[in-house]
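The next block holds one structure in the form of structure tokens; read it before the comments.
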Amino acid sequence: MSNIEQTLSIIKPDAVERNLDNEIKQIFIRSGFNILKEKKIQIEKSEAEKFYKVHETKPFYNDLCSYLSSGPIVAMILEKKNGVAENRKLMGATNPKDAEDGTIRKKYGISIDKNSVHGSDSIENAKIEIDFFFKD
Ligand code: IDP
Ligand code: MG
């Protein structure tokens, strides 16, 4: 049985702003991910609110949506065996301070909000998030 999975990755504004997008893409490639599609875009705050709707009751929701829409991002469809979990592992903990050595957030994250990358947290959400960015 094949468990090749697709997941949505976003290189967030703090990383794109520091020109880290190519470097981070190389980490995904070296770690065995295929980048099936990618686009560099800037989204509206209203779109960020839709994307992060699961967090709408959180105290940081407004800042989070302002932040994600504050500058260009790179959205990618990544594919690998166990891709959803493998991407979460490679990203590291939400707070870069807690992220393990060798993870993207440990290496590049600035703070809990400016943590350089987003990754889908389940196969179901990966499908929803991929559609959000790549459905025509
Ligand atoms: P994740 O990105 O590791 O899946 P989530 O809990 O889904 O983490 O939170 C989404 C994003 O919201 C995080 O990546 C981070 O940028 C931001 N965030 C999460 N918790 C906090 C917080 O306590 N303060 C500020 N921002 C937060
Ligand atoms: Mg999450």
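Only the coordinates and a few stated rules stand behind these numbers; no lab work does. Please read these numbers as outputs of a predicted model, since none were measured by experiment. With ideal geometry, Cβ positions are generated from the backbone for all residues, glycine too; neighbour counts draw on all protein chains shown.
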With a ≥ b ≥ c the root eigenvalues of the C-alpha gyration tensor of the stretch 72-111, is it rounded (a/c under 1.5), prolate (a/b larger than b/c) or oblate?
oblate
Based on other C-beta atoms within 10 Å, arrange PHE51, PHE133 from fewest to most.
PHE133, PHE51
Relative contact order (%) - the chain, alpha-carbon pairs under 8 angstrom, separation at least six
37 percent
Filter the GluC sites (Glu not before Pro) in the stretch 44-101 down to the DSSP loop ones having no more than 12 other Cβ atoms within 10 Å, then list what survives.
GLU44, GLU56, GLU100
Value at 222 nm in deg cm²/dmol, rounded to 500, when DSSP H runs of n ≥ 4 in the chain each add -39,500 (n - 2.57):
-11000 deg cm²/dmol
Two-decimal log10 I(q)/I(0) for the stretch 38-118, as the Debye equation yields it once each C-alpha is a single scatterer, q = 0.14 Å⁻¹
-0.52
Summing Lys, Arg as +1 and Asp, Glu as -1, what charge do residues with Cβ under 14 Å from the Cβ of ASP101 carry, ASP101 excluded?
+3
Packing-based exposure ordering (other Cβ within 10 Å, fewest first) of ASP121, ASP14
ASP121, ASP14
Going through LYS97/LYS135; LYS12/LYS80; LYS45/LYS81; LYS40/LYS127 one by one, the pairs whose alpha carbons sit over 28 Å apart turn out to be LYS97/LYS135; LYS45/LYS81
Compactness summary of the chain: radius of gyration and Dmax from Cα atoms, Å, are 13.9, 42
Using all C-alpha to C-alpha distances in the stretch 25-82, build P(r) with 5 Å bins and read off the rounded percent in each one.
4, 18, 20, 16, 15, 17, 9, 1
Footprinting exposure proxy for MET91, MET76 (fewest neighbouring C-beta atoms within 10 Å first):
MET91, MET76
